[in-house]
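What follows is one structure encoded as structure tokens, with my remarks underneath.
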Amino acid sequence: MIRLSVLRLPSLRLSSLGLSGLRLPSGRPGLLPPAAAGEPWLMTVIAVLCFLACLAAVAASAADRAAHGWARQLGSEATVQVRPRVGETGDTAAARAAETLAGVDGVEEAAALSRKDAEDLLRPWLGDAVLPDLPLPHLVTVRLKADAPASAVTLSRALAAAGLDATVDDHSLWRGEVERSAALITTLAGAAFLATAFAAAAAIAYATRAGLAAGRGVIETLSLNGATDGRIAWLFQRRFALLAAGAGAIGALLAALLLGFLRFLGGSGGLSQALPIAWGDLLLLSPCPLLAATVALLAARFAAMQVLGSARGKG
Amino acid sequence: MPSSPASAVETTATPETVRLSGVGFGYAGAPDVLRDVNLILPRGSFHFLTGPSGAGKSSLLRLLTLAERPRKGTIRLFGADVTQIERRDIPAFRRRMGVVFQEFHLLDHLSAFENAALPLRLTHQREAAYAADVAEMLKWVGLGDRMDALPPALSGGEKQRLAIARAVITRPGLIVADEPTGSVDGVMAEKLLRLFQSLNRLGATVLIASHDQALAERSGARVLRLDRGRLAPTERAAA
């Protein structure tokens with residue numbers, strides 16, 4: 001750094017300069033020009049993408065929770081269809097099966113489903129007219145112990161030992177379907193989350209390139225004054241990371257408001273049993289600004305270094 | 001003087017700040033504007049570079065500032081061969097230079113103070129450490145009351161003085177100036193010349209491209225003359 005006092009220039013009377021009285025500018029403006037005209041639009045786009053990503057993340061979480069709940073519920077129950085032997089009524093056979101199953105280890109409770117209960121279940125679907133003439137299976141509903149549930153094989157053996165002709169359905173088929181459906185929904189929601197993140201990264205990379213093109217003169221000046229490519233890239237990284245963090249916060253806040261409203265409307269069970277929203281889901285939204293800023297940092301770095309690197313050797 | 005650049009390019013102690021050997025240069029798709037240029041600027045020397053418009057003065061300065069690469073020949077700066085220098089190594093050399101551009105290259109969104117302090121800021125120095133020096137330099141070039149002004153509000157002469165203040169604020173080892181007095185009056189031109197001479201006396205190598213033959217002659221410096229891309233034999237200006 002030059003010190004004019006060292007130069008001892010004849011025309012410069014340092015003693016009269018009164019350097020202590022010099023006003024030093026406060027605060028330092030950024031080395032890049034103020035935000036370009038398109039940046040508010042970019043912020044809007046990223047906010048919308050973050051909003052969608054937040055919804056996708058909560059949807060994935062809710063679908064996963066619903067699937068696990070259903071699977072747990074299905075896994076804790078079994079249904080037994082009893083076929084009465086000759087000389088035995090269906091109700092008698094069902095009652096005997098229920099009594100047999102109630103004594104099996106891993107069974108919490110077993111109860112024969114009466115014809116009236118079965119008709120009550122079917123009435124909404126079939127109406128009253130056909131129910132009296134409809135042959136209904138004789139069913140036993142079994143509630144299994146949560147910690148050590150009895151298996152379908154164990155139940156079948158107990159029924160066979162009691163001389164009962166019965167079929168045990170432990171709902172494994174349904175449980176598998178539910179789990180597969182939930183996994184699919186979670187995967188799709190995750191893909192939607194990644195797609196929005198990629199779209200945000202692409203928008204930021206495009207904006208970085210546009211910024212580099214528009215600020216060619218500024219970049220040349222910085223470069224000619226000794227700025228490294230990394231320093232120039234960092235200027236863009238910092239700008240877009242801050243922009244993305246702000247947009248991420250806005251998107252997350254809007255998503256939180258919407259989800260909170262839906263949760264409020266839906267009560268403790270959430271708006272839908274298929275996607276039960278919990279208050280805790282809102283915590284999932286909190287990293288959104290940080291994630292958006294990280295995506296912006298990486299995208300801007302990649303784009304800036306690519307553009308600056310293409311000028312390699314030209315200075 | 002700034003410390004040695006943290007660069008992969010080794011520099012060696014040499015009595016020459018600049019050495020061009022058989023340098024030819026032309027812009028893409030165009031014929032050579034510099035032909036077989038041989039030039040040595042010893043450390044601590046002071047040269048004027050003159051010649052008619054289109055002679056290649058600005059191109060020669062662009063080569064020295066590593067903004068362009070030669071088609072032929074070699075360029076050595078501070079003892080290091082920079083002919084095929086990697087882009088990542090360029091900033092370290094530029095921090096040892098002070099360059100005054102014909103187009104000024106000021107940042108319009110920064111104040112005069114911030115523009116003058118730019119090279120210091122780019123080396124991560126704290127503002128408190130350099131603020132007084134920058135302010136003093138701006139005062140000296142006559143911009144003491146314009147420190148907060150943005151470049152668009154400055155006259156051509158003020159911009160030129162600001163560009164010079166920025167170029168010399170780091171007390172560089174090599175000062176390259178393209179028409180540094182083209183937009184200022186005679187009094188200020190003499191004053192700026194004295195600034196360059198003072199820095200030269202402190203050890204800086206100075207090369208000034210100028211149309212102002214009279215100023216070159218008054219400076220007492222050696223005068224290099226470029227004509228149609230070729231460097232004429234060195235002569236010393238009349239004192």
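The values are calculated or read from the model by the stated rules, or taken from the named source; none is laboratory data. The model shown is predicted, which means the values in this text are computed figures rather than measured ones. Cβ sites come from the backbone with ideal geometry, for glycine too, and all protein chains shown count toward neighbours.
Specify which of the listed residues (B:Ala204, B:Ala165) is of a type in the set (A, V, I, L, M), within 12 Å of chain A (Cβ to nearest Cβ) and farther than 24 Å from B:Gly51 by Cβ.
B:Ala165
Is it true that some residue in segment A:115-135 is closer than 19 Å to A:Ala162 by Cβ and in contact (Cβ under 8 Å) with a residue 24 or more places away in the chain?
The answer is no; no qualifying residue exists.
Looking only at residues that are among the hydroxyl-bearing types (Ser, Thr, Tyr) and under 13 Å from the mean Cα position of the chain (by Cα) in segment B:46-87, which one is nearest to B:Gly24 (Cα to Cα)?
Per the stated criteria, the residue is B:Ser59.
Listed here are the residues, each with its yes/no results for (1) at the interface with chain A (Cβ under 7 Å from one of its Cβ atoms); (2) within 17 Å of B:Thr65 (Cβ to Cβ); (3) surrounded by fewer than 24 Cβ atoms within 10 Å (Cβ to Cβ); (4) of a type outside the set (Phe, Trp, Tyr).
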position	(1), (2), (3), (4)
B:Leu107	yes, no, yes, yes
B:Ser111	yes, no, yes, yes
B:Ala117	no, no, no, yes
B:Asp133	yes, no, yes, yes
B:Gly144	no, no, yes, yes
B:Glu179	no, yes, yes, yes
B:Val184	no, no, yes, yes
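So B:Leu215 clears everything in (1) surrounded by fewer than 18 Cβ atoms within 10 Å (Cβ to Cβ); (2) assigned to a helix (DSSP H, G or I); (3) more than 11 Å from chain A (Cβ to nearest Cβ); (4) at pLDDT below 85 except one condition, right? Which one?
Only one criterion is unmet by B:Leu215, namely (1).
Okay, residues lined up against (1) in contact (Cβ under 8 Å) with a residue 60 or more places away in the chain; (2) in the same structural domain as A:Val142 (by TED's automatic domain parsing); (3) surrounded by fewer than 22 Cβ atoms within 10 Å (Cβ to Cβ); (4) assigned to a helix (DSSP H, G or I):
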| site | (1), (2), (3), (4) |
| --- | --- |
| A:Pro33 | yes, no, yes, no |
| A:Val45 | yes, no, yes, yes |
| A:Phe51 | yes, no, no, yes |
| A:Cys54 | yes, no, no, yes |
| A:Ala57 | yes, no, no, yes |
| A:Ala63 | yes, no, no, yes |
| A:Ala66 | yes, no, yes, yes |
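Has segment A:237-260 got at least one residue that is crowded, with 17+ Cβ neighbours inside 10 Å, within 14 Å of chain B (Cβ to nearest Cβ) and not in a loop (DSSP other than H, G, I, E, B)?
Yes.
Check B:Val134 against each of (1) closer than 20 Å to B:Pro91 by Cα; (2) outside any loop (DSSP other than H, G, I, E, B); (3) β-branched (Val, Ile, Thr) and name the one condition it does not meet.
With (1) closer than 20 Å to B:Pro91 by Cα; (2) outside any loop (DSSP other than H, G, I, E, B); (3) β-branched (Val, Ile, Thr) applied to B:Val134, the lone miss is (1).
Filter the strands (runs of 3 or more DSSP E) completely within segment B:35-113 down to those with at least 1 residues that are farther than 24 Å from B:Leu162 by Cα.
B:72-77
Hey, can you tell me all the residues within segment A:214-223 that are in contact (Cβ under 8 Å) with a residue 12 or more places away in the chain and in a helix (DSSP H, G or I)?
The answer is A:Ala214, A:Val218, A:Ile219, A:Leu222, A:Ser223.
Identify all residues within segment A:207-216 that are of a type outside the set (Ser, Thr, Tyr) and over 13 Å from A:Leu31 (Cβ atoms); write none if there are none.
A:Ala207, A:Arg209, A:Ala210, A:Leu212, A:Ala213, A:Ala214, A:Arg216
For segment B:138-167, name all the residues that are at pLDDT 90 or above and either part of a loop (DSSP other than H, G, I, E, B) or over 17 Å from B:Leu107 (Cα atoms) (or both).
The answer is B:Lys139, B:Leu143, B:Gly144, B:Asp145, B:Arg146, B:Met147, B:Asp148, B:Ala149, B:Leu150, B:Leu154.
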